[in-house]
Amino acid sequence: MANSLHTCALRVWMLAAALGLAAAPAVARDGTTEVDAELVFAVDISYSMDRVEQQLQREGYVKALTSPEFLNALKSNAFGKVAVSYMQWASYTDQDLLLNWTIIDGPASAKAVADKLAAAPYRRAQRTSISGAIDAGAKLFENNGLKGMRQVIDVSGDGPNNNGRVVTNARDEALEKGITINGLPLVGIREWFSPADIKELDIYYEDCVIGGPEAFSITVRDTKSFVDATRNKLVREIAALPTPSIWPRYASDKIPRVRRAQTREPRISCTIGESLWRGRWGN
């Protein structure tokens, strides 16, 4: 029902825009700021993420947020603005908010966000807790003064959950709150393979991490496609009504495929990361 109402609201707005009616107000009756989407960028900084992968993650968002594709998609929406936050994560108790909620409503604000992210220092930390990232990301939506038509947590990383609570428990609780979780798994980018890695990380993200309305995952397997994948992911997340004219690059074989969340039983154990960690280090 909620999805149907959302779709109807979007269609009503687009009809109003076509007829030249007044633009939607920026502030809701309850005093919150209305935006088309609230996006939490949750990026992995565990020790498995080497400097190349960390730079790719950061560069992906920096370039995506200032790209013509993103800015054009932004203008196609009801309010023409999104709110973003950028959070680094490692263990279940280690989340680092590099960027608190910031409104992007055009080229100037997009560049300001991109510049702040580009200038932020890098760091690495122990363990990999996707569940911690989801739980912390979900809390960021609470009492943040925003009213988004969509609430999305973007999770990017190169390994399965191996710390904190089971990832599916965190995912399911977030979905119950109406939050969508999308994924950007990094598979085989670095040369070495650690005991905590899995080759089927793309399947793990599809079956165990992502979920919610229109949830999807885009697997990145090489450095050249990372920026394109990040940009197309953001465009897909904020575009009001997806059409080929908004992101024609999705039709290209050069761009990683968009994968939907799975509704059947997982094809891989959603506790495989914990099992690998216990088998190697015993705790």
Relative contact order, percent, of the range 34-281 when contacts are C-alpha pairs under 8 Å separated by at least 6 residues? 24
Find the eigenvalues of the gyration tensor of the Cα atoms of the range 87-206, then list the square roots of 5 times those eigenvalues as equivalent ellipsoid semi-axes, largest first, in whole angstrom. 25, 19, 14
Give the aspartates and glutamates reachable from K199 as a straight Cα distance under 20 Å; neighbours fewer than 8 places away on the same chain don't count. D44, D50, E53, D158, E191, D207, D222, E265, E274
Counting only Cα, what are the radius of gyration and maximum Cα-Cα distance Dmax of the range 34-281, in Å? 16.6, 51
Karplus-derived 3J(HN,Hα), 6.51/-1.76/1.60, for each residue of the range 75-87, Hz, glycine and proline x: 5, 7, 8, 5, 9, x, 8, 10, 10, 10, 9, 10, 10
Whole-Hz couplings from phi, Karplus 6.51/-1.76/1.60, listed for the range 221-233; x for Gly and Pro: 10, 8, 5, 5, 8, 5, 5, 4, 5, 5, 4, 5, 5
Quick one: of K75/K177; K75/K233; K139/K224; K81/K224, which pairs are farther than 25 Å apart, Cα to Cα? K75/K177; K139/K224; K81/K224
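FYI, it's all coordinate maths here, none of it is from the lab. Please read all numbers here as calculations on a predicted model, not as lab measurements.
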